[in-house]
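Report on the structure given below.
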Amino acid sequence: MSFQNPVFIPGPTNIPEALRKACDMPTIDHRSPLFGQILHPARRGVRQVLKSDTAKVFIFPSTGTGGWETALTNCLSAGDKVLAARNGMFSHRWIDMCQRHGLDVQIVETPWGDGLPADRYEEILTADTSHQIKVVLATHNETATGVKSDIAAVRKALDAAGHPALLFVDGVSSIGSMDFRFDDWSVDVAVAGSQKGFMLPAGLAIVGFSAKAMEATKTAALPRTFFDVHDMAKGYDNNAYPYTPAVGLLNGLNEACTMLLAEGLENVFARHTRIATGVRAAVDAWGLNLCAASPDVYSDTVSAICTPDGFNATDIVTHAAETYGVAFGVGLGEVAGKVFRIGHLGSLTDVMTLSGIATAEMCMVDLGLDIKLGSGVAAAQEFYRLNPAARLQNAA
Ligand SMILES: Cc1ncc(COP(=O)(O)O)c(C=O)c1O
């Protein structure tokens, strides 16, 4: 496998040189004001990326999965009722985590390829007149299927039902790449990881808590130690952690937020939409379909591409790695073998994306699929040529 090729997995993403350098730093005293000069700006930067004025940001040495656990264990008690839809592997895993913690999950089974059913949420929440449901889970971007969901609609469902449940949003593969509005959507806990929109190596669970979620922590009885937000907050007050922080990654996170905010969040989102639209033009030219059921749920960070019946989509991923030294994502869970995924998030340009499209095309032809070499590349080229990145930047 060549280290020169970009990766096209949906996270970890390609790491900009400036961020690699920022992570590579000498040891400092992690219980000192010098550490505070990294920690506090990083937390402020994350809050801005979340589009929040008020969220309390906590950053754990962990991954997105640890962020899920932080949300659950700090706000809930065993036996509490949670409402969640299962529409892909990541929503499934969050549900599984709830169940392992002894929570009572009401699951709305949803076709893999569809977005979250906000109308179903509203019906269930309206029927829950005694407010047994304590939390609603929402996976903003299902990385397994390349499906984004309408979080504003989920918030509306809660409001229309007049229901006080907390809203937890998994933004692991959306935050920092797709529009995310913590305050506007009244999100109570947002979960992210360092290795996607923040373009860093894996290693940080990044969460934002609302005032209402912080209030819930006072009565929540699920056991927690490593992920206790109050222990963490006490540490922060002294420029420290309750344990040893990942200082280099935090320095990288601070720099990543600076980069995202300097580009401008709306420009970052528009860049992801442009790049994704080029990939989708290629998929269309290949005569293939996305797993995502309709354009309103197309993800701008990952495309899960269905291959014809009887063809094992995972062969494309294996072949790409072995023959061309390029990484794509395999299908997961219900769609394993049925889709392969092109990740197009984080640090990516048109030219890099075209190389991924060209590689996918070579693999499919090598493996006998009826695809015309150059067809997807030409479709994406045409889109990028007519919608150049520079025009977007100049318009900003
Ligand atoms: C939407 C989503 N949620 C949660 C996770 C789990 O995050 P991690 O692998 O960082 O633990 C992932 C990982 O890809 C994801 O895509």
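The values are calculated or read from the model by the stated rules, or taken from the named source; none is laboratory data. Predicted, not measured: the structure shown is a model, and the values here were computed from it. Note that we place each Cβ from the backbone using ideal geometry, even for glycine, and neighbour counts take in every protein chain shown. Accessible surface areas use protein heavy atoms only, side chains included; no ligands, DNA or RNA. Shrake-Rupley method; radii C 1.70, N 1.55, O 1.52, S 1.80 Å.
Using just its DSSP H runs of length 4 or more, each adding -39500 (n - 2.57), the chain gives a mean residue ellipticity at 222 nm of -13000 deg cm²/dmol after division by all residues.
Per residue, the chain exposes 40 Å² of solvent-accessible protein surface, assessed with a 1.4 angstrom probe and all protein chains in place.
A probe of 1.4 angstrom, applied to the heavy atoms of all protein chains, finds Trp286 with accessible area near 20 square angstrom. Label sites at Thr349 and Ser294, each approximated as a point 7 angstrom past Cα along Cα to Cβ, lie 3.8 nm apart. Between the C-alpha center of segment 227-242 and that of segment 13-87 there is a gap of 12 Å. Beta bridges per DSSP, both residues in the chain: antiparallel share near 55 percent.
For Lys196, give me every one of the lysines with a C-alpha distance below 25 angstrom, ignoring sequence neighbours fewer than eight places off in its own chain. Cross-link targets: Lys21, Lys51, Lys56, Lys148, Lys338. Radius of gyration over Kirkwood radius for segment 17-262, both on Cα atoms: the Rg/Rh ratio is 0.97. Amide H to amide H distances under 5 Å link Ser173 with Asn141, where only residues 5 or more positions off or on other chains count and H is placed in the peptide plane. DSSP beta bridges fully contained in segment 1-151 are about 15 percent antiparallel.
Amide hydrogen proximity for Leu167: with H placed 1.01 Å from N in the peptide plane, the residues at 5 or more positions away or on another chain lying under 5 Å are Val136, Asp188, Val189. Could you check how much of the accessible area of the chain is carbon and sulfur, as a whole percent, using a 1.4 Å probe? Carbon-and-sulfur percentage of accessible area, whole number: 52. Only alpha carbons enter this Debye calculation for segment 271-323, each as an equal point scatterer, and the log10 of I(q)/I(0) it gives at q = 0.17, 0.18 Å⁻¹ is -0.60, -0.67. For segment 267-282, backbone phi angles converted through the Karplus equation (6.51, -1.76, 1.60; θ = phi - 60°) give residue-by-residue couplings of 5, 4, 5, 5, 4, 5, 5, 4, 4, 5, 5, x, 4, 5, 5, 5 Hz, Gly and Pro being listed as x. For Ala205, nonlocal amide neighbours, meaning residues 5 or more places apart or on other chains whose placed amide H falls under 5 Å from its own, are Phe60, Ser62, Thr63. With all pairs of separate Cα atoms included, segment 57-152 yields a Kirkwood hydrodynamic radius of 13.9 Å. A full extension of the chain between Gln132 and Asn267 corresponds to an added length of 44.5 nm, given 0.36 nm per residue minus the alpha carbon distance. Distance from the Cα centroid of segment 295-374 to that of segment 256-273 is 25 Å (rounded to whole angstrom). Placing +1 on the Cβ of every Lys and Arg and -1 on the Cβ of every Asp and Glu, with no other charges, gives the chain a dipole of roughly 820 debye about its Cα centre. On full extension, the segment bounded by Ala378 and Tyr243 gains 43.4 nm, given 0.36 nm per residue less the C-alpha separation. Rounded to the nearest whole Hz, the Karplus-based 3J(HN,Hα) values (6.51 cos²θ - 1.76 cosθ + 1.60, θ = phi - 60°) of segment 89-106 follow the sequence 5, 7, 5, 4, 5, 5, 4, 4, 5, 4, 5, 5, 8, x, 8, 9, 9, 8, with x at glycine and proline. Solvent-accessible area of Met178, all protein chains in place: 10 Å² (probe radius 1.4 Å, heavy atoms, ligands and nucleic acids excluded). Beta-bridge orientation, segment 166-262: approximately 60 percent antiparallel, per DSSP, counting only bridges with both partners inside.
For segment 15-28, putting each phi into the Karplus relation 6.51 cos²θ - 1.76 cosθ + 1.60 with θ = phi - 60° gives couplings of 9, x, 3, 4, 7, 4, 5, 5, 6, 8, 9, x, 5, 10 Hz, in residue order, rounded to whole numbers and with x for Gly and Pro.
Using a cutoff of 8 angstrom between alpha carbon atoms and counting only pairs six or more residues apart, the relative contact order for the chain works out to 24 percent.
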